[in-house]
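As structure tokens, the structure follows; a few thoughts come after it.
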């Protein structure tokens with residue numbers, strides 16, 4: 001891969017007192033401006049992997065390079081964190097200020113950005129996630145999806161090159177989930193930012209360029225969604241489910257229908273089935 | 001037969017202030033013995049406020065709640081009966097674990113009921129078995145468990161009271177697919193084996209479509225739909241207008257119909273959709 005933004009070289013990490021390592025010998029590269037989804041059941045190592053990407057966790061062996069900088073090098077910590085921003089699962093734990101725009105300004109203020117530029121960055125970040133109209137609201141009164149979008153704006157205001165989202169929709173209702181996912185997809189489309197989305201909702205991965213499936217601290221599968229989702233039996237064996245579209249196609253194929261397994265969206269799936277019936 | 005009933009239940013928050021809000025608006029609902037009832041509605045629809053009335057945590061602004069035919073606020077005895085008879089599992093119940101061992105945590109409810117030690121032990125083991133928590137975990141600190149195990153222990157703590165109605169608010173939120181499936185199976189088994197009624201709140205339409213026998217939809221504090229999953233998901237477009245989703249199988253069926261495939265409206269599980277499609281094809285063309 002040419003000039004990847006993130007490189008993991010044989011990364012291992014074990015939490016104190018844990019029976020098994022959270023990551024064992026993971027090597028992978030993440031291409032600039034790609035949208036990568038990381039899947040895996042609870043305990044598969046996917047969150048630890050996410051935390052390695054901006055030096056919240058530093059590998060016990062192997063190394064992680066962000067723009068070529070080793071995350072174990074404390075002198076480079078600020079550069080690493082500026083390059084890779086992180087959004088966590090629980091929106092309530094990430095809010096620090098009592099006004100939305102102050103919250104978004106928190107990171108650039110800490111980075112010593114001049115005030116006029118902070119103003120511009122905050123407005124831009126809030127517009128990007130569709131929350132500009134709420135800039136003077138109190139964050140704790142917003143819905144979960146809105147809070148999570150404010151958290152994303154807070155990361156955007158640092159102007160990172162890569163944003164890592166660790167199960168950002170796990171605590172949201174369907175409306176909130178849609179809001180956050182559409183904000184995430186826009187980031188990728190309009191700003192060319194590298195996006196790493198950690199999730200166990202298969203439907204959220206349909207739009208990713210690349211899917212990495214983790215199991216027992218290792219990479220179990222790695223490929224485009226169209227390549228990974230058809231491996232229905234293997235995914236099930238890893239405790240994961242496939243989108244209902246693939247599930248239906250899989251069942252029909254077992255009954256002898258001549259269908260592809262890579263029609264991931266509802267519309268594609270319906271078209272393929274309709275071709276066989278209506279004709 | 002109805003075990004739990006609300007009559008014209010209304011709840012108004014911050015009454016008489018500028019923040020006055022009608023959270024539950026004139027809801028009359030009867031939960032039958034032994035049924036698995038699903039409640040859907042998006043955030044702010046009044047679901048959580050509504051269920052907190054069902055075991056007396058909130059008092060209605062107007063209207064009544066009846067448990068086994070008795071107004072739960074009529075006397076202290078009636079309120080005590082509903083606290084033990086209607087078990088409520090909140091969202092993220094694992095944050096409420098507080099004892100030193102799993103056994104002690106699960107036994108908290110039965111202890112409060114004033115039961116003897118043998119009876120408590122029997123109930124704790126029974127409840128733990130229902131949620132798949134093994135005996136080897138009984139003396140472990142709840143803090144050492146994984147997220148999924150903690151959730152199970154918290155649910156066991158409510159089941160150990162042997163409630164006649166078990167209410168769960170988003171019991172699968174944040175769990176991975178395998179964990180979700182297994183907790184729902186456990187709950188469904190509890191319902192079948194004990195004959196208790198279960199009220200399940202979920203955002204996952206696919207889960208609720210498979211497990212609930214009856215569904216109600218709350219919207220802006222009002223009960224707007226009540227029927228079998230087939231009847232409710234038939235009204236897919238109305239649900240979408242309310243900001244709710246429909247099961248993926250329903251979406252696929254709608255898209256198929258738009259492409260000229262003749263399917264009935266009430267398709268809400270993948271299993272059923274597959275059957276219909278197979279029948280269509282083997283029938284040799286549209287029927």
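Looking across B:38, B:63, B:56, one residue alone is buried (at least 18 other Cβ atoms within 10 Å of the Cβ) and touching a residue at least 40 places away in the same chain (Cβ under 8 Å). It is B:38.
Among the residues of segment A:163-187, just one is within 11 Å of another protein chain (Cβ to nearest Cβ) and modelled with pLDDT of 90 or more, namely A:167. The residues listed here are B:220, B:282, B:262; of these, the one that is under 23 Å from residue A:175 (Cα atoms) and over 17 Å from the mean Cα position of the chain (by Cα) is B:220.
For segment A:28-44, which positions are more than 24 Å from residue A:192 (Cα to Cα) and either more than 14 Å from every other protein chain (Cβ to nearest Cβ) or over 14 Å from the mean Cα position of the chain (by Cα) (or both)? Don't jump to the end; show me each part of the working.
Step one: list which residues in segment A:28-44 are more than 24 Å from residue A:192 (Cα to Cα), which gives A:40-44.
Those that are more than 24 Å from residue A:192 (Cα to Cα) and either more than 14 Å from every other protein chain (Cβ to nearest Cβ) or over 14 Å from the mean Cα position of the chain (by Cα) (or both): A:41, A:42, A:43, A:44.
For segment B:74-109, the set of residues classified as in a helix (DSSP H, G or I) and touching a residue at least 60 places away in the same chain (Cβ under 8 Å) consists of B:84, B:85, B:93, B:94, listed by residue number.
Can residue B:226 be described as at pLDDT 95 or above and in the same structural domain as residue B:27 (by TED's automatic domain parsing)? Spelling it out, residue B:226 is indeed at pLDDT 95 or above and in the same structural domain as residue B:27 (by TED's automatic domain parsing). A count restricted to segment B:228-261 and to residues that are assigned to a loop (DSSP other than H, G, I, E, B) and either surrounded by 18 or more Cβ atoms within 10 Å (Cβ to Cβ) or more than 9 Å from chain A (Cβ to nearest Cβ) (or both) stands at 9. Hey, any hits in segment B:168-183 for a residue that's within 14 Å of chain A (Cβ to nearest Cβ), modelled with pLDDT of 90 or more, under 14 Å from the mean Cα position of the chain (by Cα) and in a helix (DSSP H, G or I)? Yes: segment B:168-183 contains one or more residues that are within 14 Å of chain A (Cβ to nearest Cβ), modelled with pLDDT of 90 or more, under 14 Å from the mean Cα position of the chain (by Cα) and in a helix (DSSP H, G or I). Quick one: would you say residue A:76 is away from chain B (no Cβ under 14 Å) and more than 30 Å from residue B:148 (Cβ to Cβ)? Yes; evaluated as a whole, the condition is true for this residue.
Rundown of residues vs (1) in contact (Cβ under 8 Å) with a residue 24 or more places away in the chain; (2) at positive phi; (3) buried (at least 21 other Cβ atoms within 10 Å of the Cβ); (4) assigned by TED's automatic domain parsing to the domain that holds residue A:21, yes/no style:
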| position | (1), (2), (3), (4) |
| --- | --- |
| A:203 | yes, no, no, yes |
| A:206 | yes, no, no, yes |
| A:210 | yes, no, no, yes |
| A:213 | yes, no, yes, yes |
| A:217 | yes, yes, yes, yes |
| A:221 | no, no, no, yes |
| A:234 | no, no, no, no |
| A:237 | no, no, no, no |
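The values are calculated or read from the model by the stated rules, or taken from the named source; none is laboratory data. Quick caveat: nothing in here was measured; it's all calculated off a predicted structure. Neighbour counts run over all protein chains shown; Cβ positions are idealised from the backbone, glycine included.
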